[in-house]
Amino acid sequence: MDEEQMLREAADEKMVNDAYERLIADYLASRHRKKVDIIAKAFNFARQAHKGVRRLSGEPYIMHPIAVAQIVCSEIGLGSTSISAALLHDVVEDTDYTVEDIENMFGSKIAQIVDGLTKISGGIFGEQASAQAENFKKLLLTMSEDIRVILIKVADRLHNMRTLDSQPANKQYKIAGETLYLYAPLAHRLGLYKIKSELENLSFKFEHPEEYAAIEKKLEETKVSRHELFDQFVQPIEDALHQMGIDYQIKERIKTPYSIWNKMQNKHVTFDEIYDILAVRIVFVPRKREEEVNECFNIYVALTKIYKSHPDRFRDWLNHPKANGYQALHVTLMSKQGHWIEVQIRSDRMDEVAEQGLAAHWKYKEGNGDIEIQEDESELNQWLRTIKEILDDPQPDAMDFLDAIKLNLFAREIFVFTPKGEIKTMPADSTVLDFAFSIHTFLGSHCIGAKVNHKLVPLSHRLQSGDQVEILTSKSHHVQPSWINFASTAKAKAKIQAILRRTSRDAQKKGEDLLNEWLQKNGFEPSPAVINQLAKFHDVGRRDELFQALGEKVVILGEKDIDELKGKNKKKSDSGSGWRKYVPFVKAKKEEKTPENPELFVVPEKFNRKKPIYISEENISQYIFPDCCHPIPGDDTLGYIDNNNRIEIHKRVCPVANKLKASYGNRILDVKWNMHKKQFFDATIRLGGIDRRGLVNEVTRVISNQLSVDIRKLTFTTEDGIFDGIIDLRVHDRDEVNEIIDSLKEVDDLKEISRIM
């Protein structure tokens, strides 16, 4: 061995030992139990296993596992089990050692994590899409047992991105694209905001080097003026916090090049037009841990006394934390220089959770031991359960599967309320159908619509934060293929596709049995040629489609099929498909012309306003009935003496009447009805419900035939399977309207029936 090689090996030895000692020092400074022995054992084992191997950068391979363990320890805050697994994470993949060897030496827990981290073949985005999906699926399956798998995987990816310079350009683009597609959203969903930002930034740097360099240059050019603005802005804030006796730190937060570029793309603005490049973060130590939320608001109040706040840019993540655990108070203030600056107010605990995510949650749990999954991490457990459900019945297509997982890594959330007031976190753009499936598969698969804030909406309705949602179901209603277009979450899409596949398989089996039975009964051999001939005859491309059509009774075999198989059909007959069931149009009876009204009643000077007026067939024409509310006999009504001393009749709930009652109380009269079902009045009913064939026919039959009421006008509109109907009727009084409404309530799929004012 020559002297140069010996010097190199000595330098490598020192580099490795220094890195390991730094790792141990950071671990000993953490809150974890000091289980250095297991870490030392893992380090020595991995060092021996990777001996003689170098990375593309030229450094010993063991430097990579040490660096990943360092991230796991210092930047995510995990304990000895995770640090050991990080040190060993490439041993099974790159050497002759097996998972069983790891289990024998380090126990089942570390072995399980290492197994989850071991790739099947190639990268996640390898040569074959199926290998990529299988690999990610394995990672997620293990993750659902132990979240540390995915946390270490994110650390592994972060170190790969930090050392991506040594890779050829094509590999850089591949790894950067994959990072932006899967790992950055994954890090965000796990609450690893700092790592998420770095992953995005590094991906941007390698995918768009010129744009990255241009933004970095701009940031450098504006650095001095930004520091000046920061110093001037925080000076009065520091004085106020000092007077309040708060133990605090104020940090300057600069938007990353990736987020600046992203905003430039989305908003179509230049670098100079982005006003929130600078943000200020106030991190304080609360006097009492249970008072930290109140102290955040106290600081906010103090800030608003110094600067004017932006009314539309206040964000309260304290009372409604994000699904990844993030808590803070965001307020945007106008500086003395005329710039809007966002200020984030958070406690030291909230700051640690924001930077380190889930691991920081565990630090504040009771006990100081090595981290284990906590049962009360409800948001995380719900997310893991969702992923597990997707994995139980994944998409047949690998890319569909990855897209389904990607859908679940939502960064933006909305808060939706159940009818009982329970709060549910959903991805932005979630629909009614997504919400139904998020609660229960049965609810989703039998969903026919919902009431959002007490208003009927279709399955496709997109929810907003703060909506209260009541799901409407019907046992006779089942999943339809079109539903896939109404779903945006991974869970709903996966469940719909699984149910459709299952239903399709059942229908095909039933159809195949029916066909075989029919062929034998009619003396035909159930051969592929015969089945193909029938499939062609019924315009279906494949045999399984014919089986499904038969199973679902869309196609019913008969004489024409026998003729077809015997060759008697000269040309294909119209099998009756495409028939339409028309709803009979109900014409309104021609109105009889009424004689001109006699002169209107004029209130005399000494009129007793305390007595009620009685409206009868004889005097009804003497009163004015304005268009605002259309009162009919039986309605609770009142009279109003207008400026000409004529009497207007209004419903008591009429908005116009409410104003009159408030403004002209002395002109209001009591009105009673004395009618005998001799005259007709106009009334309008609004209907809402689930659209289906024959529904309008059923509605008109109830009104016209059963109740002998005339329909003057009928208007129906349908959207996404939900219909809205307006019916103008001729009735004698309110009792008849109530009778019609009660009768219509018996019609299936009518969900909302009301009389319009």
Study note, to complete from the structure: In the set Gln48, Gln5, the lone residue that is without any contact (Cβ under 8 Å) to a residue 24 or more places away in the chain and exposed (fewer than 10 other Cβ atoms within 10 Å of the Cβ) is Gln5
Review point. How do the pairs read when you match residues in segment 285-303 that are of a type in the set (A, V, I, L, M, F, W, C) with residues anywhere that are open to solvent by less than 70 Å² (accessible area, probe 1.4 Å), using Cβ under 6 Å and keeping only pairs 6 or more apart or on different chains?
Key: Val285/Asp348; Val293/Leu318; Cys296/Leu318; Cys296/Leu329; Cys296/Ile345; Ile299/Ile345; Ala302/Ala240
Check your understanding: Within the bounds of segment 626-633, is there any residue that is touching a residue at least 12 places away in the same chain (Cβ under 8 Å), surrounded by 15 or more Cβ atoms within 10 Å (Cβ to Cβ) and over 27 Å from Leu750 (Cβ atoms)?
Key -> yes
Review point. What pairs can you find where one residue is in segment 715-738 and closer than 16 Å to His630 by Cα and modelled with pLDDT of 85 or more, the other is outside any strand (DSSP E or B) and of a type in the set (Phe, Trp, Tyr), and their Cβ atoms are less than 7 Å apart, with a gap of 6+ or different chains?
Key: Arg730/Phe680; Val731/Phe680; His732/Phe680
**Study point:** Search result, residues across segment 516-539 that are surrounded by 11 or more Cβ atoms within 10 Å (Cβ to Cβ), acidic (Asp, Glu) and part of a loop (DSSP other than H, G, I, E, B)
**Key:** Asp539
Exercise for review: Go through segment 238-252 residue by residue and tally those that are surrounded by 15 or more Cβ atoms within 10 Å (Cβ to Cβ) and closer than 17 Å to Glu342 by Cα.
Suggested key: 2
Practice item. Check whether at least one residue in segment 496-508 is of a type in the set (Asp, Glu), surrounded by fewer than 19 Cβ atoms within 10 Å (Cβ to Cβ) and at pLDDT 80 or above, and report yes or no. Key: yes
Exercise for review: Scan segment 297-313 residue by residue and report those that are open to solvent by 70 Å² or more (accessible area, probe 1.4 Å) and within 18 Å of His339 (Cβ to Cβ).
Suggested key: Lys308, Pro311, Asp312, Arg313
Revision key, fill the gap. Residues of segment 54-79 being open to solvent by less than 10 Å² (accessible area, probe 1.4 Å), of a type in the set (Gly, Ala, Ser) and part of a helix (DSSP H, G or I), in sequence order, are Ala69
Point to revise | All positions within segment 340-349 that are over 17 Å from Lys305 (Cα atoms) and open to solvent by 30 Å² or more (accessible area, probe 1.4 Å) | key: Asp348, Arg349
Practice item. Identify all residues within segment 609-625 that are open to solvent by 80 Å² or more (accessible area, probe 1.4 Å) and not charged (D, E, K, R); write none if there are none. Key: Tyr614
Practice item. Give the residues of segment 80-109 that are β-branched (Val, Ile, Thr) and either open to solvent by 10 Å² or more (accessible area, probe 1.4 Å) or touching a residue at least 40 places away in the same chain (Cβ under 8 Å) (or both), sorted by residue number. Key: Thr81, Ile83, Val91, Val92, Thr95, Thr98, Val99
Practice item. Please work out which residue is least open to solvent (accessible area, probe 1.4 Å), limiting yourself to segment 473-491 and to residues that are part of a helix (DSSP H, G or I) and touching a residue at least 60 places away in the same chain (Cβ under 8 Å). Key: Ala490
**Study point:** Selection count where residues are part of a helix (DSSP H, G or I), open to solvent by 20 Å² or more (accessible area, probe 1.4 Å) and out of contact with any Asp or Glu (no Cβ under 6 Å at 6 or more places or on another chain), scope segment 189-237
**Key:** 30
Check your understanding: Of all residues in segment 286-309, how many are within 15 Å of Glu238 (Cα to Cα) and in contact with a helix residue (DSSP H, G or I) (Cβ under 6 Å, 6 or more places away or on another chain)?
Key -> 2
Practice item. Could you tell me whether Arg162 is open to solvent by 50 Å² or more (accessible area, probe 1.4 Å), out of contact with any Cys (no Cβ under 9 Å at 6 or more places or on another chain) and modelled with pLDDT of 85 or more? Key: yes
Review point. Considering only residues of segment 540-561 that are within 24 Å of Leu500 (Cβ to Cβ) and of a type in the set (Asp, Glu), which is most open to solvent (accessible area, probe 1.4 Å)?
Key: Glu552
Exercise for review: Considering (1) in contact (Cβ under 8 Å) with a residue 60 or more places away in the chain; (2) touching a Phe, Trp or Tyr at 6+ places or on another chain (Cβ under 8 Å); (3) over 17 Å from His330 (Cβ atoms), say which one Ala240 fails and leave the rest.
Suggested key: (2)
Exercise for review: Could you pull out the residue among Arg701, Arg712, Arg734 that is under 45 Å from the mean Cα position of the chain (by Cα) and closer than 22 Å to Asn619 by Cβ?
Suggested key: Arg734
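The values are calculated or read from the model by the stated rules, or taken from the named source; none is laboratory data. The shown structure was predicted, so the numbers you read here are calculated from the model rather than taken from an experiment. Note that we place each Cβ from the backbone using ideal geometry, even for glycine, and neighbour counts take in every protein chain shown. Surface accessibility is based on the protein's heavy atoms, side chains included, excluding ligands, DNA and RNA. Shrake-Rupley method; radii C 1.70, N 1.55, O 1.52, S 1.80 Å.
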